[in-house]
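Comments concern the structure below.
The values are calculated or read from the model by the stated rules, or taken from the named source; none is laboratory data. Because the structure is a prediction, the values reported are computed rather than measured. Because the Cβ atoms are built from the backbone with ideal geometry, glycine has one as well, and the counts that use them run over all protein chains shown.
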Amino acid sequence: MIQKLWTAAFAALLLLTAATTCEAADHTVKPQFLRIITGPKGGQWHKMGEVMAKVLTEDVLAATSRVGGGVTNINAVNNKQADMALTLASFLGAARSGEAEYQTIQAQNVAVLANLFPQALYILIRRNVAEANGITSLGTLLRQKIPLRFASLKPGTASEFVLYLLLKYGYDTDFIKLRDQGWDVSFHNLTQIVENFMTEKLDCFAYVAAGPYGALSPIMEKHANMLALPVEQSVLDLMEQKFGTTTHVITPARYAFVSAPVRTLGDYTSLIVSADFPEDTVYSITKTLWSNKDKIASTVKDFGTLSPKTASPKGLPVHPGALKFWQSLADEK
């Protein structure tokens with residue numbers, strides 16, 4: 001009887017070992033196609049994903065591109081519902097921060113292929129409101145207990161996510177507390193926000209935009225008498241340490257209403273990949289995207305800022321195949 005039990009146990013162990021070995025082997029097998037998920041249809045990420053799928057199909061593997069969303073894209077790659085995706089670096093930073101509210105972002109099997117281009121948080125306020133209340137930074141703004149009319153993009157957007165992150169972990173406040181201070185906090189699409197700001201129905205608004213191209217409506221930039229508020233450097237340092245964000249500088253050369261450099265919260269649009277993808281495959285993908293940089297940038301101009309110097313983020317896992325390629329470019333210089 002004991003002999004039979006040992007035989008059965010040994011057989012079960014062999015099956016388990018075989019299953020584990022097969023699973024590990026799958027991690028090194030070259031995939032037959034690539035599934036890329038991007039952003040809402042017609043948006044910047046969606047357009048970029050379509051071009052990337054085309055160049056990868058021509059030079060690496062057959063690739064498809066479909067719509068998606070920043071946080072859900074991470075979960076999709078992690079759970080093998082997609083192979084590559086576009087997201088924000090701060091989403092990954094939040095997932096790895098250990099904060100309980102971000103434990104639903106699953107990133108155990110996710111690695112960065114590249115930080116593609118920077119994003120920045122713009123905090124814009126009417127000049128007369130800022131001057132009348134001594135508002136010179138985001139910190140001084142948040143201390144105001146006045147009926148300030150403030151807006152950001154709708155919940156679920158990158159703008160709302162990044163702003164919430166900054167308010168809660170950088171300044172120990174949130175939208176509810178600001179309303180308790182007397183603020184009128186609302187959420188709209190960007191077009192509605194710009195219209196409200198231009199018609200003086202808003203005093204201040206904040207949103208995330210890609211840089212260095214086209215962050216503001218030309219009409220608003222020309223006619224609105226406004227200021228861009230900086231974020232305190234101590235807060236920027238804290239956010240970088242906790243979530244992997246960066247410091248972005250809005251320069252006077254970009255906007256007429258900026259008279260001196262304005263330091264604000266920076267982020268990146270990142271391309272992520274399954275962490276267990278073969279190294280040589282990811283190397284080829286990275287090399288192909290870099291070789292087609294100008295072609296992709298002709299559709300999404302911001303892609304033209306892709307650089308080996310910023311492609312590998314600090315504090316986030318970078319796929320070995322991608323890291324090998326970015327380092328090879330550095331070695332050539």
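Below, the figures for the structure above:
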read-out	value
Residue count for the range 67-102, restricted to those that are in a helix (DSSP H, G or I), of a type in the set (Val, Ile, Thr) and over 16 Å from Phe277 (Cβ atoms)	2
Which numbered condition Val262 fails, given (1) within 20 Å of Gln119 (Cβ to Cβ); (2) in contact (Cβ under 8 Å) with a residue 40 or more places away in the chain; (3) buried (at least 21 other Cβ atoms within 10 Å of the Cβ)	(2)
The range 299-333, subset of a type in the set (S, T, N, Q) and in contact (Cβ under 8 Å) with a residue 40 or more places away in the chain, residue surrounded by the fewest Cβ atoms within 10 Å (Cβ to Cβ)	Thr299
Filter result for Val258 (in contact with a helix residue (DSSP H, G or I) (Cβ under 8 Å, 6 or more places away or on another chain), outside any strand (DSSP E or B) and not assigned by TED's automatic domain parsing to the domain that holds Arg96)	no
Given (1) at pLDDT 95 or above; (2) of a type in the set (D, E, K, R); (3) closer than 21 Å to Leu329 by Cα, index of the condition Asp302 fails	(1)
Residues (of a type outside the set (Phe, Trp, Tyr) and either farther than 13 Å from Glu50 by Cβ or crowded, with 17+ Cβ neighbours inside 10 Å (or both)) located in the range 287-298	Lys287, Thr288, Leu289, Ser291, Asn292, Lys293, Asp294, Ile296, Ala297
Residue that is modelled with the highest pLDDT, among those in the range 194-228 that are out of contact with any strand residue (DSSP E or B) (no Cβ under 8 Å at 6 or more places or on another chain) and polar (S, T, N, Q)	Thr199
Ile272 being outside the structural domain of Asn225 (by TED's automatic domain parsing), crowded, with 20+ Cβ neighbours inside 10 Å, within 14 Å of the chain's Cα centre (by Cα) and at pLDDT 95 or above	yes
Candidates Ser291, Ser312, Ser284, filtered to the one that is in contact with a Leu (Cβ under 8 Å, 6 or more places away or on another chain), farther than 30 Å from Ile125 by Cα and not aliphatic (A, V, I, L, M)	Ser312
